[in-house]
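Everything below concerns the one structure shown next.
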């Protein structure tokens, strides 16, 4: 790491992967250093700065923590005092005339503690501030299973046999397999055949079932004995008051059906008229209900205590499940990375037809919500202990829905998820530069470029300005199809009014470009070009310059 890179990290303050420690003679012990290293290693790894205060002031590390020529002393101390021994990288950098020790820590595949038996893990508080918390046993078990490539659902359910499972749950599974998108090959299978197909029998004993079999097909008493952490709380809230509350502890597929029924019973619609046809726009799309429930039940950490909580109110559906994101999944790569905590449970839900395709649930939730004219699912409150998703349920943007239905029907193509996100953001926030769009969507201008090019090519968005002043905005054609109030105002502006707006603008600012005229009069680039050409032909404007430098001025007196 260079001093400039270290300075940039320090300027960004403490995060989940960056920790500061003051390192004066009496401020910091070896125990403090080792505990900070263990804390970061048991999360995503990161960088520990010794010689930096909590507010980012650079004071420098005390010489006892090593010297510029002997950073191995600090590294050896950390390795010798962690269990299992942790290999870290140590650099001593000169930053702002002070020596700062920089410890780079890998993310541990297995839980790591201090030689004194202390286990800590770095998490984020609800306000986003990082903290070190005790690394609980259930979380260590989950991390250990994941590191071994093991699945909690594949662990043997001690003392549980096939005959202990509920025959009604097998019948439920067969019914789902026979209908819709289920795996029809299992629609007539016996319980043992179903368990074998779903990998829910222990290979060393074909009568020994796993915890996954108990979760999917167990009776409530058996689940209470083998998986006591399984619990789901559903609440219907209005104005902060609990109108309805129920706790479910049954098998997962039965629980998913019950939750879906309760949400559907409360799923109102808005009405959209397309010609003589009425289209109902649900408060929560059916697919989003299925995916959010399935994700909560199959991806939760069953080694952690606490219920899955599903709360519905006027503004949102909030789903909270114990356990943070699986290892390797972050807020930044959520749409591109799929790492199921339990591949066995996910596969069972897929083969029952409850979800369409394993690994694409979150992307499909985004797409279905945007097509329904609603905002994106919000995972920003997720911590190391809980995954939290908030799904908006307020009124839909019916203009956007109208445009999507009409345009896709007329053109025989569906917009991709990146295109939907761009359209939604431009409709919501107005014209933006490529960098503004990228920041808003958590992407980069280069990744958005192909989607912007396609949308421009089909006449849905247009470009105004050049260089750094370049902006993308929705075209008049978009507002026309959407039957937007903005387009109604545009239609009511006759050519004379457009000309007066242009002349007033040129009088105030000296000149106008084609893109500025398009933005001013809410016209497409082609329409603005025709308007300016007509005004030039009639002597109202003169053209000076060409191509990108072309601007229209008032005639000289």
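One residue stands out in the range 431-449 among those that are touching a strand residue (DSSP E or B) at 6+ places or on another chain (Cβ under 7 Å) and not in a helix (DSSP H, G or I): the one that is modelled with the lowest pLDDT, namely 431.
Taking the criterion of being surrounded by 14 or more Cβ atoms within 10 Å (Cβ to Cβ) and free of Cβ contacts under 8 Å to residues at least 24 places away in the same chain, the residues of the range 498-516 that qualify are 501, 505. Flag: residue 339 matches the condition of being in a loop (DSSP other than H, G, I, E, B), in contact with a helix residue (DSSP H, G or I) (Cβ under 9 Å, 6 or more places away or on another chain) and either more than 22 Å from residue 421 (Cβ to Cβ) or at pLDDT 80 or above (or both). Taking (1) at pLDDT 75 or above; (2) farther than 30 Å from residue 397 by Cα; (3) in a helix (DSSP H, G or I) in turn, residue 555 satisfies each apart from (3). Among the residues of the range 347-385, write down those that are over 19 Å from the mean Cα position of the chain (by Cα) and at pLDDT 85 or above. Selection gives 347, 348, 349, 350, 351, 352, 353, 354. Looking across the range 244-257, the residues that are surrounded by 16 or more Cβ atoms within 10 Å (Cβ to Cβ) and touching a strand residue (DSSP E or B) at 6+ places or on another chain (Cβ under 8 Å) come down to 248, 251, 255. The residues listed here are 79, 104; of these, the one that is more than 24 Å from residue 328 (Cα to Cα), under 37 Å from the mean Cα position of the chain (by Cα) and assigned by TED's automatic domain parsing to the domain that holds residue 14 is 79. Within the range 319-333, identify whether any single residue is part of a strand (DSSP E or B), outside the structural domain of residue 196 (by TED's automatic domain parsing) and touching a helix residue (DSSP H, G or I) at 6+ places or on another chain (Cβ under 7 Å), and answer yes or no. Yes, some residue in the range 319-333 is part of a strand (DSSP E or B), outside the structural domain of residue 196 (by TED's automatic domain parsing) and touching a helix residue (DSSP H, G or I) at 6+ places or on another chain (Cβ under 7 Å). Hey, among the residues in the range 259-280 that are over 21 Å from residue 307 (Cα atoms) and touching a residue at least 40 places away in the same chain (Cβ under 8 Å), which one's surrounded by the most Cβ atoms within 10 Å (Cβ to Cβ)? Step by step, filter the range 259-280, then rank; the result is 272.
Taken together, the residues in the range 400-415 that are under 17 Å from residue 459 (Cβ atoms) and buried (at least 19 other Cβ atoms within 10 Å of the Cβ) amount to 6. In the range 227-243, the residues that are surrounded by 11 or more Cβ atoms within 10 Å (Cβ to Cβ) reach residues that are in a loop (DSSP other than H, G, I, E, B) and at pLDDT 90 or above with C-beta atoms within less than 6 angstrom, at least six apart or across chains, in these pairs: 231/249; 231/307; 232/307; 233/307; 237/313. Tallying residues that are without any contact (Cβ under 8 Å) to a residue 60 or more places away in the chain, outside any loop (DSSP other than H, G, I, E, B) and within 19 Å of residue 472 (Cβ to Cβ) within the range 374-415 yields 1. Taking the range 527-544 as the range and being in contact with a helix residue (DSSP H, G or I) (Cβ under 9 Å, 6 or more places away or on another chain) and in a helix (DSSP H, G or I) as the test, the residues that pass are 527, 528, 529, 531, 532, 534, 535.
For the range 169-191, the set of residues classified as in a helix (DSSP H, G or I), more than 15 Å from residue 212 (Cβ to Cβ) and without any contact (Cβ under 8 Å) to a residue 60 or more places away in the chain consists of 171, 174, 175, 178, 184, 185, listed by residue number.
Residues in the range 416-439 that are buried (at least 16 other Cβ atoms within 10 Å of the Cβ) and free of Cβ contacts under 8 Å to residues at least 24 places away in the same chain were compared, and the one that is nearest to residue 475 (Cα to Cα) is 425.
The values are calculated or read from the model by the stated rules, or taken from the named source; none is laboratory data. Worth saying up front: this structure is predicted, and the values here are computed from it rather than measured. Neighbour counts are summed over all protein chains in view; Cβ atoms, including those assigned to glycine, are modelled from backbone coordinates with ideal geometry.
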